[in-house]
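Trainee: Have a look at this one.
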């Protein structure tokens, strides 16, 4: 499919393993950091918003409600940021291999996208503990979760295909990207409910794929609802479009990688 | 199905502007604008199963660019490449080596980059470790290795590949002498297994040993295509000729006469060859030859000496002798010196004759001139420095006036 075969999937899996290992190579705790880092981050948010600021969402009795609501949105976002960054720098970072070995380089951004799955796993586990503690355990609507995760990563890797190829020619991208992602985060109702946006902008948020993802997570885990099917379908087609065009652009450009790297 | 590689008018152009990301969108054929570098220019080539092709050429001739395109690492600006078979390329050794991992772990990493499963690597790892022969270091981090050890590890990783179409770019000699022999033998073995082999190398012997066809690239074009013996010979000859031209320019910088101290000067520096009474710069080997030097020194220049040196084009000093002027003094100020070489034994080449007048260690005047020696019946089997052993003697003479 899309010009990939079984062997490519294995190579992608190998590249994913290497990616995870390489990130913490030389540190004494190694891959433990892959779990520890998101965990500390979430614990920090829980502390700040649960005990310091004591933010409450309307109708909630405890501050824990806001923390859970926040983390359902922010946890997946954290995974998204990590994955987009990793996948954007994946081709430039593997310059040595790209210049010297003939293989399907498009597997680099694709496999790099999946590093986000670790921090997503940590977030979901953390959430589950928190929700159990708050007495608001997800019901059967949790079955939507695998589909949402799949759609989230489909979007990420499609974006990654574009950005990783562009980054080879315009290196400024990977420098500007962290700030751009922070801006996107604050434009997306992740830290605040959508209702606090101006009415005109609220409508626009439905065109924001990152909001669609956050909202789908919130629906299935916190609101005990099925996520908006229109939202998910839109998300799928947007990702598919980005994926097909990104793959085509990547394949056109990859012949020039060795002179640009 | 027979394996083959067909290149049809393949060109590669490197844009002078650099790349901007246009490549992501444009499918248009790139054409050369002003200042662009054409690395490979409309090369058409067919390589059949069983051919082991060597590519020779100077730096920047487009060899590696062509190789990269065949390996699928870059795409041609125009033209098409058709490949039937699985390509394995060895461009640079040890690209995936992680310094913080041990040698053993790195072998797994390398296998992973090649898309192998763990158990597939397990099958060959003992063979690789045995080949690398690093002893206990195989379980130490690579950052503790010496450069040679790293190269050995990297080479060993490719030592077990089983290629259909093999592409090698200058990866033939690594490590110490012992390992290098082993590595070369292994390369030969791998090449013998490969159904098509393409090698870029500056080692002509390697090309002759491994290949059964050879092309010579110059400025992006294939200038010669034929048997390795014929092509490497033609290539080497052309490199020599070009090198000589370059040397000649450098050589000529020294030509001329200079007086460095007042009162010292040359009246004559000349070479006579054979029967001729004329000054010569083109000398025939085997003929009686005289090198004549006449000079003026200050009256009080006691202990002055004349140095004569003959240097071949490639900076090899053939003759270098310091003569005390006392024996050659004609009048108080004038000295005359003649060196006879009967017969002229210098081999065919271009030489420079440097003569300097020296007082103690101080050079007071110098003269440089160029002459060329030719041989009517050149000996076969290379160019000897001297045609046969002979003695060279300096003699004193009072009869120089007649000759001049």
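Trainee: By how many degrees, between 0 and 90 and to the nearest 10, does the Cα long axis of helix A:209-221 differ from the longest principal axis of chain A?
Mentor: Approximately 50 degrees, to the nearest 10.
Trainee: Same structure again: Going by alpha carbons, how many degrees (0 to 90, nearest 10) lie between the helix axis of A:145-169 and the longest principal axis of chain A?
Mentor: 40
Trainee: Hey, another quick one. Could you tell me what percent of the DSSP beta bridges with both partners in region B:4-243 are antiparallel, to the nearest 5?
Mentor: About 55 percent, rounded to the nearest 5.
Trainee: Over chain B, what is the relative contact order in percent, taking alpha-carbon pairs closer than 8 angstrom and at least six residues apart?
Mentor: Relative CO of chain B lands at 14 percent.
Trainee: In addition: Work out, in µm²/s and without decimals, the Stokes-Einstein translational diffusion coefficient of chain B at 20 °C, 1.002 mPa s, Rh from Kirkwood over C-alpha pairs. Kindly include the intermediate steps, with their values, before the conclusion.
Mentor: Values: Rh = 26.5 Å.
Estimated diffusion coefficient is 81 µm²/s.
Trainee: Of all DSSP beta bridges located in chain B, what percent are antiparallel, nearest 5?
Mentor: The antiparallel fraction comes to roughly 75 percent.
Trainee: Next question. Quick one: check the C-alpha center-to-center distance for region B:254-301 versus region A:1-71, whole angstrom.
Mentor: Each part reduced to its Cα centre gives a spacing of 87 Å.
Trainee: Which of rounded, prolate, oblate describes region B:4-243, given a ≥ b ≥ c as roots of the alpha-carbon gyration tensor eigenvalues and a/c under 1.5 marking rounded, otherwise prolate only if a/b is larger than b/c?
Mentor: Prolate is the answer for region B:4-243, as a/c is 1.5 or above and a/b outweighs b/c.
Trainee: By counting other Cβ atoms within 10 Å of each Cβ, how are A:104, B:12, B:250 ranked from fewest to most?
Mentor: On the way: A:104 19, B:12 25, B:250 10.
Going from least to most buried by this count: B:250, A:104, B:12.
Trainee: May I pose another question? Using alpha carbon coordinates only, what is the Rg to Rh ratio of the protein assembly as shown, with Rh defined as the Kirkwood radius? Mind showing how you got there, number by number?
Mentor: Working: Rg = 37.7 Å, Rh = 31.5 Å.
Looking at the protein assembly as shown, the ratio lands at 1.20.
Trainee: For helix B:103-113, what angle does its Cα long axis make with the longest principal axis of chain B, in degrees from 0 to 90 and rounded to 10?
Mentor: Once rounded, one gets 70 degrees.
Trainee: Order these by the 10 Å Cβ neighbour count, fewest first: A:168, A:97. If you can, show how the numbers build up before the last one.
Mentor: Values: A:168 25, A:97 17.
With the sparsest Cβ surroundings first, the list reads A:97, A:168.
Trainee: At q = 0.08 Å⁻¹, what log₁₀ I(q)/I(0) does a Debye calculation on the Cα points of chain A give, no solvent, two decimals?
Mentor: For chain A at q = 0.08 Å⁻¹, log10 I(q)/I(0) is -0.34.
Trainee: When the Cα centres of region B:66-120 and region A:83-134 are compared, how far apart do they sit, in Å?
Mentor: 22
Trainee: Here's a follow-up. What does the structure give for B:364-371 when I average, per residue, the other chain Cβ atoms found within 10 Å of the residue Cβ?
Mentor: 0
Trainee: Right, next: Can you give the mean number of other chain Cβ atoms that lie within 10 Å of the Cβ atoms in peptide B:64-74?
Mentor: Mean partner shielding for this stretch: 4.
Trainee: Just the Cα atoms of region A:1-139: what Rg and Dmax do they give in Å?
Mentor: 18.7, 60
Trainee: Where the centroid of each part is defined by its Cα atoms, how far is region B:183-206 from region A:157-189 in Å?
Mentor: Region B:183-206 and region A:157-189 have Cα centres spaced 44 Å from each other.
Trainee: A further question on this structure: Just tell me how shielded A:250-257 is by partners: mean number of partner chain Cβ atoms within 10 Å of each residue's Cβ, no decimals.
Mentor: Details: counts 1, 2, 6, 8, 5, 10, 11, 5.
If you average over the peptide's residues, the count of other-chain Cβ atoms is 6.
Trainee: State, as an integer percentage, the relative contact order of chain A based on alpha-carbon contacts under 8 Å between residues 6 or more apart.
Mentor: 24
Trainee: Same structure again: Please arrange B:249, B:170, B:164 by how many other C-beta atoms lie within 10 Å of their C-beta, fewest to most.
Mentor: With the fewest neighbours first, B:249, B:170, B:164 line up as B:249, B:164, B:170.
Trainee: Now for a different question. Report the relative contact order of region B:4-243, percent, no decimals, based on alpha-carbon pairs under 8 angstrom and at least 6 residues apart.
Mentor: Details: 424 pairs, mean separation 64.2, N = 240.
Reported relative contact order: 27 percent.
Computed from the coordinates by the stated procedures, all read-outs in this text should not be read as laboratory data. Every value quoted in this text rests on a predicted model; they were computed, and no experiment measured them. Please note: Cβ atoms are built from the backbone with ideal geometry, for glycine as well, and neighbour counts cover all protein chains shown.
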